[in-house]
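**Student:** After the structure tokens below, expect a handful of questions from me.
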Amino acid sequence: MIVPVRVDLALIGFGHVGQRFAMLLEQRRELLIRDEGLDCRVVGFTTRHHGGAFNWQGIDCAHARHLPSASATSLSALDLIEQLRRSAADLRVVVETTTLDIHEGQPAIGHVRAAIAAGCHVVTANKGPAAFAFAALNDEAAAAGVSFLFEGAVMDGVPVFNLVRETLPVESVRAFRGVVNSTTNHILTAMENGEEFDAALAHMQAEGIAEADASLDIDGWDAAAKTAALANVLLGARTSPHAVQRTGIQRTDGARARHALANGRRLKLVASARRAADGRVSARVEPVELPATDLLSGLNGKANALVFETELLGEIAICQLEGNLTHTAYALLSDLVTVGRRQARRAAPARRSL
């Protein structure tokens, strides 16, 4: 029988993704205890505009979602991390779900760095830390003996980083290409069928997939951030979204998409990167007309996919037919389980030499 370990969590950011994560945490509570030995409780949260709360006995997140501003405290992210540092729990985990800052990746990078310095594990759905500062943060986490995980940064809950890290030992990724932004793929698919650009975008905004200011999606910045994160983690690059050659989509691309379709091709916003023989990594995001035989051509609506070019296994593809907030929240939950499994391996007694 697994003896559960106590896990205290602090949530930095408590928007749609953070709230959905808290809901999944409660829904899967018994499974986490039974199958993973993780007895989890949220002890604090903080938001940018509505304050936060902390309670050593745990917080009822269902009630916290409706906490009026007057009842919340002015708890900063750094204050919350310091509180968590004092916890006597077996595992202390910071869950970072603030929104992407495309300029410098802040304040998320600062949150991750402060949590690591406090001896806390970090899981995040924010692309910024991996896209701007993966190498430094990864080194800091290793030195502190904690985990820095970010599965939800690309393709929601689909195990992109886990696929390479956990299931491809002694293998090397040379390049990748894919469709990684659901909003632009939906818009291009809709325009193929005669729908107007603005109507297709409004549909994505109504579903909460595109931001109210959708320029991050339309101008290719979201895809560039994901490309930088993938290149940094999988190809050993030290790049940022600003170093990715970037071209987004435009309202006039509707005619181009329909023309491509009529000629047996599909217009897709493709993210790609490749490591050259000298170790240099080039990365780009741009609309590309793909032949119908290309796997990426078959992606409709909100579907995403990545194709990895590997040294030993050739091309490997992973697809996501539809993404939503629950999928992103699941990525955080998956990372939390990974933290627990790593800690369990470290705590296991060393095997005796034969």
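No lab work stands behind these numbers, since they all come straight from the coordinates. This one's a predicted model, so the numbers in the text were calculated from it and none came from an experiment. Neighbour counts run over all protein chains shown; Cβ positions are idealised from the backbone, glycine included.
**Student:** Restricting to bridges with both residues inside the chain, how much of the DSSP beta-bridge set is antiparallel, in percent to the nearest 5?
**Tutor:** Numbers: 32 of 54 bridges.
Looking only at bridges with both residues in the chain, the antiparallel portion is about 60 percent.
**Student:** A further question follows. Please turn the phi angles of the range 284-291 into ³J(HN,Hα) values with the Karplus equation 6.51 cos²θ - 1.76 cosθ + 1.60 (θ = phi - 60°), one per residue in order, whole Hz, x for glycine and proline.
**Tutor:** After applying 6.51 cos²θ - 1.76 cosθ + 1.60, I find 8, 10, 6, x, 9, 8, 10, x Hz.
**Student:** May I ask you to derive the relative contact order of the range 159-229, considering only C-alpha pairs under 8 Å and at least 6 residues apart, and to give it as an integer percent? Intermediate results must be reported in sequence, preceding the final value.
**Tutor:** On the way: 33 pairs, mean separation 19.1, N = 71.
Reported as a whole number, the value is 27 percent.
**Student:** Based solely on its DSSP helices, what 222 nm [θ] is calculated for the chain when runs of n ≥ 4 H residues each add -39,500 (n - 2.57) and the sum is averaged over all residues, nearest 500 deg cm²/dmol? Numbers along the way, then the final one.
**Tutor:** On the way: 12 runs with 132 residues, N = 354.
Per the formula, -11500 deg cm²/dmol.
**Student:** Then there is this: What distance in nm separates the simple spin-label points at Ala88 and Arg258, each placed 7 Å from Cα in the Cβ direction?
**Tutor:** 7.0
**Student:** Can I ask one more? Taking the Cα centre of the range 167-323 as origin, sum charge times position over the Cβ atoms of Lys and Arg (+1) and Asp and Glu (-1), and report the length of that vector in debye to the nearest 20. Mind dumping the intermediate values first?
**Tutor:** Working: 16 positive and 20 negative charges, 112 e Å.
With only Lys, Arg, Asp and Glu charged at Cβ, the dipole is about 540 debye.
**Student:** Further, regarding this structure: For Ala210, enumerate residues with amide H under 5 Å from its amide H, sequence gap 5+ or separate chain, H modeled in the peptide plane.
**Tutor:** Residues meeting the amide H criterion: Gln205.
**Student:** Label the range 167-323 by shape, choosing from rounded, prolate and oblate, from the square roots a ≥ b ≥ c of the eigenvalues of the Cα gyration tensor; if a/c is under 1.5 it is rounded, and otherwise prolate applies when a/b is larger than b/c, oblate when it is not.
**Tutor:** Details: a/c = 1.99, a/b = 1.59, b/c = 1.25.
Because a/c hits 1.5 or more and a/b exceeds b/c, the range 167-323 counts as prolate.
**Student:** I would also like to ask the following. If you count, for each residue, the other Cβ atoms within 10 Å and average over each peptide, how do 252-264, 311-323 line up from highest to lowest? Walk me through the intermediate numbers first.
**Tutor:** Working: 252-264: 15.3, 311-323: 13.4.
Final packing ranking: 252-264, 311-323.
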